[in-house]
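Asker: Have a look at this one.
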Ligand code: HEM
């Protein structure tokens, strides 16, 4: 197991863990967004409630979900370790400084902290309610489902809750804009032809995904207004 201890204790090993967990979380965001878009494509809530019920009862999804939480934790822990080590060594933050550094790259820790706060609020508001049996039941075709749509819809009838989501999605865009290309760079995928493509895809991804997420609360708030 010395390879594991070596990976967890070396700076490069920790950066690789940050990159791999970050890329997994990016993948999660795409799948999560695709499922959540049903909140606006079917305003009756049936499609989303049936989807949430199916996900919650699929054993494979349950395993992926545990992996997801584990990777979120690992991503946070390694980022704290890297920041502490770099501060100790250089008296500066983990992110690389210099003339070519961007605002996002210099503030990855702060942006990540905002996303963590967002996640706590988010999971408490939706996920915890769904998992702790707090959902009201609703019937479609003689079968009972938890009304998770109702919980999300009620949350987005509040202007402050809606604004909180929109602002957090804006900040997530900056975190992704640096994180996406930085992950590939750390993994050594530096190529004359492919690096500019990866950077381009990263830029588009970090704009499109947060905007698509932000449209959901804005749309639902507008429907409730
Ligand atoms: C408009 C935006 C979003 C909406 C409407 C939304 C909605 C939801 C809902 C309803 C759940 C509970 C699912 C269930 O228990 O079956 C959930 C879970 C979750 N959400 Fe979101 N979400 C949004 C954005 C995000 C973002 C941006 C992130 C990450 C930064 C995120 C991370 C998570 C995680 C980690 C879970 C737990 C997933 C699991 O059970 O494995 N969500 N979300």
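Asker: State the number of residues belonging to the range 166-225 that are away from the ligand (no atom under 14 Å from the Cβ), farther than 23 Å from residue 103 by Cα and at pLDDT 95 or above.
Answerer: The qualifying residues number 0.
Condition check ((1) in contact (Cβ under 8 Å) with a residue 60 or more places away in the chain; (2) farther than 16 Å from residue 76 by Cβ; (3) within 8 Å of the ligand (Cβ to nearest atom); (4) not in a helix (DSSP H, G or I)) across all residues:
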| residue | (1), (2), (3), (4) |
| --- | --- |
| 110 | no, no, no, no |
| 113 | no, no, no, no |
| 119 | no, no, yes, no |
| 122 | no, no, yes, no |
| 128 | no, yes, no, no |
| 133 | no, yes, no, yes |
| 145 | yes, yes, no, yes |
| 152 | yes, yes, yes, no |
| 157 | yes, yes, no, yes |
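For (1) within 20 Å of the chain's Cα centre (by Cα); (2) at pLDDT 95 or above; (3) more than 21 Å from residue 206 (Cα to Cα), each residue gets a yes or a no:
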site	(1), (2), (3)
27	yes, yes, no
33	yes, yes, no
45	no, yes, yes
65	yes, yes, yes
89	no, no, yes
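Asker: Hey, does the range 36-46 have a residue that's within 13 Å of the ligand (Cβ to nearest atom) and either outside any helix (DSSP H, G or I) or out of contact with any helix residue (DSSP H, G or I) (no Cβ under 9 Å at 6 or more places or on another chain) (or both)?
Answerer: Checked the range 36-46: at least one residue is within 13 Å of the ligand (Cβ to nearest atom) and either outside any helix (DSSP H, G or I) or out of contact with any helix residue (DSSP H, G or I) (no Cβ under 9 Å at 6 or more places or on another chain) (or both).
Asker: Which of the residues spanning the range 177-194 are closer than 23 Å to residue 13 by Cβ and assigned to a helix (DSSP H, G or I)?
Answerer: Of everything in the range 177-194, those that are closer than 23 Å to residue 13 by Cβ and assigned to a helix (DSSP H, G or I) turn out to be 178, 179, 180, 181, 182, 183, 184, 185, 186.
Asker: Another question about this same structure. Just to be sure I understand, how many residues within the range 47-66 are within 9 Å of the ligand (Cβ to nearest atom) and touching a residue at least 40 places away in the same chain (Cβ under 8 Å)? It would help to see each step written out before you state the result.
Answerer: We begin by selecting, within the range 47-66, every residue within 9 Å of the ligand (Cβ to nearest atom); these are 48, 51-53, 55-56, 61-62, 64-66.
Among the residues that remain, those that are also touching a residue at least 40 places away in the same chain (Cβ under 8 Å) are: 48, 52-53, 56.
Qualifying residue count, the range 47-66: 4.
Asker: Just to be sure I understand, how many residues within the range 20-35 are in contact (Cβ under 8 Å) with a residue 24 or more places away in the chain and within 9 Å of the ligand (Cβ to nearest atom)?
Answerer: Of the residues in the range 20-35, 4 are in contact (Cβ under 8 Å) with a residue 24 or more places away in the chain and within 9 Å of the ligand (Cβ to nearest atom).
The values are calculated or read from the model by the stated rules, or taken from the named source; none is laboratory data. Small disclaimer: the values here were computed from a predicted structure and weren't measured. Every residue, glycine among them, receives a Cβ derived from its backbone with ideal geometry; neighbour counts consider all protein chains shown.
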